[in-house]
Number of protein chains: 2
Amino acid sequence: MKRNNDRKEYNVAIAGATGAVGIKMIDVLEKRDFPVKNLKLLASASSIGKKIAYRGKEIFVEKLTKDSFKEVDIALFSAGASVSREFIPSAVSSGCIAIDNSSAYRNDENVPLVIPEINPEDVRLHKGIISNPNCTTAIMLTVLNSVYRYSRIRKIVVASYQSVSGAGQKGISELEEQIESISSGNEIKISKFPHQIAYNVIPHIDVFTENGYTKEEMKMLYETRKILHDEKISVSATCVRVPVKSVHSMAVTFITEKNITVKKVLELLSDSEGVTLMNDPSKNAYPMPVTTEGKYNCFAGRIRKDIAFKNAVSMWISGDQLLKGAALNAVQIAELLVKNKILKRDHG
Amino acid sequence: MKRNNDRKEYNVAIAGATGAVGIKMIDVLEKRDFPVKNLKLLASASSIGKKIAYRGKEIFVEKLTKDSFKEVDIALFSAGASVSREFIPSAVSSGCIAIDNSSAYRNDENVPLVIPEINPEDVRLHKGIISNPNCTTAIMLTVLNSVYRYSRIRKIVVASYQSVSGAGQKGISELEEQIESISSGNEIKISKFPHQIAYNVIPHIDVFTENGYTKEEMKMLYETRKILHDEKISVSATCVRVPVKSVHSMAVTFITEKNITVKKVLELLSDSEGVTLMNDPSKNAYPMPVTTEGKYNCFAGRIRKDIAFKNAVSMWISGDQLLKGAALNAVQIAELLVKNKILKRDHG
């Protein structure tokens with residue numbers, strides 16, 4: 001790739017660099033040619049000394065400490081909410097901007113929650129932290145954005161089919177080990193998920209809240225409202241873990257304020273940033289995990305006038321939750337910071 | 001089990017006896033001690049000579065022909081719609097009542113479509129044929145029945161998680177073979193499903209119709225209306241195949257005419273025939289394929305006031321589609337025929 005030698009470059013740190021999302025962040029930074037000056041890979045003690053390739057060099061993983069962020073411009077966090085809460089304040093004090101993939105700060109009114117295709121202007125409101133949305137919300141809203149701009153969406157009913165890598169590398173190992181145990185007649189081990197996931201589906205992701213919805217399901221409501229700046233939109237979700245390795249899918253029914261035809265939806269989606277339309281039933285073409293894995297775009301198909309509600313459309317969406325649902329969206333936020341000259345290096 | 005020696009017994013034939021549902025029909029007839037005089041097992045030429053155990057005896061599988069039904073009182077059909085269309089007229093001419101698990105006659109206005117817990121009285125309207133509903137519809141309505149009786153349901157949004165045995169034994173083999181091929185690095189074979197099903201989900205069951213819904217999805221609308229005798233109820237379904245061996249699950253949101261509390265729904269479901277409530281999030285207890293497999297009852301859980309609609313409740317349902325979704329419901333219909341003395345043997 002041709003590089004602009006005069007371009008400004010930035011020191012980037014990744015906290016949680018050895019996790020499923022961290023690995024993708026490194027890959028996305030390289031593939032999108034993000035202007036990295038120095039890349040610092042941070043993880044917990046158990047990963048120290050591991051080497052990870054970036055631009056043809058091997059980078060050693062260092063221990064994440066409160067002193068890790070000196071000279072760092074952008075810190076991408078993906079090591080869980082408790083790690084974010086412990087270390088992000090130090091990162092911010094060091095003068096860098098933290099882009100947090102955990103749920104730690106998503107509902108904090110001082111922290112913008114950003115999908116670059118939808119609310120890029122919100123990065124300007126940051127006070128040191130910008131949150132990356134929950135994977136399922138990011139994928140769903142990336143697809144629905146253009147429809148929402150055409151005619152406000154009032155209600156969404158969504159049922160998700162979420163892959164095991166949403167729970168990290170250990171989620172994938174657990175599925176594979178359980179399948180292996182079942183085929184060899186051994187007892188299965190359960191640790192990452194509340195029940196057996198091999199040959200099963202589990203309608204339970206994150207913890208239950210008082211109203212009977214899980215936190216994962218409530219995130220889809222709260223984050224949708226925050227990203228769209230629309231307190232009137234309602235989202236009723238059922239979030240379900242399925243024995244798929246990566247890519248989250250969902251069945252979505254949405255009701256719009258004014259009537260919208262399927263033709264209009266197709267027209268809008270075929271011209272939406274970050275969205276690929278895959279909508280040809282006659283050729284058995286619709287989004288699926290096996291065809292969506294590794295793709296930056298979110299896929300939409302099975303688009304049809306809903307038969308139960310007026311002004312409603314039903315569709316099927318798949319998106320790689322490690323990419324648009326996590327690593328890609330975080331790097332896109334970092335790109336916005338560069339583009340808008342928001343980083344301290346742009347001013348000092 | 002104690003048998004009543006004076007009881008009337010009936011000649012029963014099963015067409016499609018070697019299929020996934022046929023095998024379950026034999027098992028259910030035995031387990032529920034159905035008054036069988038003679039059991040005839042019928043299948044296509046390729047299965048002739050196979051032996052299947054019933055009440056400690058081995059029964060040879062015979063070839064299904066138009067002459068198979070002389071002296072037969074009840075014929076249970078589960079060999080696909082085209083076999084039903086070819087052979088059921090001969091069965092009816094022979095004077096027996098056909099209970100058809102295929103979709104062949106479900107929309108025929110002369111053929112009742114029956115879930116014994118819901119519309120048992122409809123068996124009396126038969127003209128030789130009674131249809132068994134589609135698996136997903138049977139499971140969903142068995143659970144929703146008592147709620148519907150309390151307050152008419154106006155709209156249902158449902159997303160299904162359907163197991164591969166809904167496509168028969170070959171569906172299970174295909175999933176197992178694909179998983180084996182993937183783990184040994186061989187190329188996978190696709191024949192029963194339109195795409196790879198291992199580690200994937202496929203939003204496509206049965207063929208597509210003009211409105212963008214599949215036939216499987218439209219069955220959930222048409223069959224719900226027919227069983228409930230309610231042309232005003234709407235059902236919008238997304239039917240999805242998941243890599244689970246047996247049991248269909250579904251995320252259901254329904255809107256009722258009058259307001260209904262979660263407490264009332266729990267009260268109704270805990271007292272519903274054919275339904276087991278499994279609704280204790282604090283103990284991670286909710287319906288799932290692994291715990292529902294082999295059970296006659298349908299399971300309901302995750303019951304919560306819906307947050308997007310007024311007068312709405314969301315829940316999660318699992319049911320063994322080979323049992324309540326097929327074999328069990330068919331045998332329950334046969335039991336109704338006996339109980340109501342509808343069979344010719346009761347009058348001749």
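Throughout, read-outs are computed from the coordinates displayed, never taken from laboratory work. Quick caveat, the model's predicted, so the values are computed rather than measured. Please note: Cβ atoms are built from the backbone with ideal geometry, for glycine as well, and neighbour counts cover all protein chains shown.
Here the Gaussian network model covers chain B, with springs between Cα atoms less than 10 Å apart; of B:Ser234, B:Ser318, B:Ser249, B:Ser234 fluctuates the most.
For A:Arg154, the residues whose amide H sits under 5 Å from its own are A:Ile255, A:Thr256, A:Glu257, ignoring neighbours fewer than 5 places away on the same chain, with H placed 1.01 Å from N.
The rotation axis taking chain A to chain B passes closest to the C-beta of one chain A residue; that residue and the distance in whole Å read A:Ala159, 2. Sorted from closest to farthest, the other copies place their A:Arg149 label points 5.3 nm away, with each point set 7 Å from Cα along Cα→Cβ. Over chain B, dividing the summed -39,500 (n - 2.57) contributions of all DSSP H runs of at least 4 residues by the number of residues returns a 222 nm mean residue ellipticity of -8500 deg cm²/dmol.
Size of the dipole of chain A about the Cα centre, Lys and Arg at +1 and Asp and Glu at -1 on the beta carbon, nothing else charged, in debye to 20? Walk me through the intermediate numbers first.
Values: 48 positive and 39 negative charges, 141 e Å.
Around 680 debye, computed over chain A.
With 10 Å bins beginning at zero, the pair-distance distribution over Cα atoms of segment B:137-321 amounts to 9, 34, 34, 17, 5, 1 %. In order along segment B:312-318, the phi-based Karplus estimate (6.51 cos²θ - 1.76 cosθ + 1.60, θ = phi - 60°) of 3J(HN,Hα) comes to 10, 10, 10, 7, 10, 10, 10 Hz; Gly and Pro are listed as x.
Quick one: putting +1 on the C-beta of Lys and Arg, -1 on the C-beta of Asp and Glu, what dipole do you get for the protein assembly as shown around its Cα centre, in Debye to the nearest 20?
Details: 96 positive and 78 negative charges, 132 e Å.
Dipole of the protein assembly as shown, to the nearest 20 debye: 640 debye.
With a simple spin-label model that places each label point 7 Å from the Cα along the Cα-to-Cβ direction, the separation between A:Lys263 and A:Asp108 comes to 4.9 nm. Computed extension length for B:Asp67-B:Arg55: 1.8 nm, one decimal, from 0.36 nm per residue of separation with the Cα-Cα distance subtracted. Taking one quarter of the surface of the convex hull spanned by the alpha-carbon atoms of the protein assembly as shown gives a direction-averaged projected area of 32.4 nm². Computed from phi, the 3J(HN,Hα) profile of segment A:108-121 under the Karplus parametrisation 6.51, -1.76, 1.60 (θ = phi - 60°) reads 6, 5, 8, 10, x, 10, 10, 10, x, 6, 10, 10, x, 5 Hz, with x in place of Gly and Pro. Copy-to-copy label distances for A:Ala53, where each label lies 7 Å from Cα along Cα-to-Cβ, are 5.6 nm in order of increasing length.
Using the structure shown, list the pairs from B:Lys155/B:Lys245; A:Lys24/A:Lys219; A:Lys37/A:Lys245; A:Lys66/A:Lys344 with a Cα-Cα distance above 28 Å, or answer none.
Numbers: B:Lys155/B:Lys245 30 Å; A:Lys24/A:Lys219 23 Å; A:Lys37/A:Lys245 33 Å; A:Lys66/A:Lys344 19 Å.
Over 28 Å apart, Cα to Cα: B:Lys155/B:Lys245; A:Lys37/A:Lys245.
Segment A:111-185 and segment A:31-55 have Cα centres spaced 24 Å apart. Using the alpha-carbon centroid of each, what span in Å lies between segment B:286-348 and segment B:234-282? Value for the Cα centre distance between the two parts: 11 Å. Between B:Glu210 and A:Asp230, the modelled labels are 3.2 nm apart [label points 7 Å from Cα along Cα→Cβ].
Selection among B:Ser282, B:Val164, B:Thr256 by position relative to the dipole of segment B:137-321 gives B:Thr256 as farthest towards the positive end (Cβ unit charges, Cα centre).
Across the copies of the chain, B:His347 has label points (7 Å from Cα along Cα→Cβ) spaced 9.1 nm apart, shortest distance listed first. Placing +1 on the Cβ of every Lys and Arg and -1 on the Cβ of every Asp and Glu, with no other charges, gives segment A:116-175 a dipole of roughly 260 debye about its Cα centre. Here's the picture: charge each Lys and Arg Cβ at +1 and each Asp and Glu Cβ at -1 in the protein assembly as shown, and of A:Ser181, A:Leu221, A:Ala13 the one pushed furthest to the positive end of that dipole is A:Leu221.
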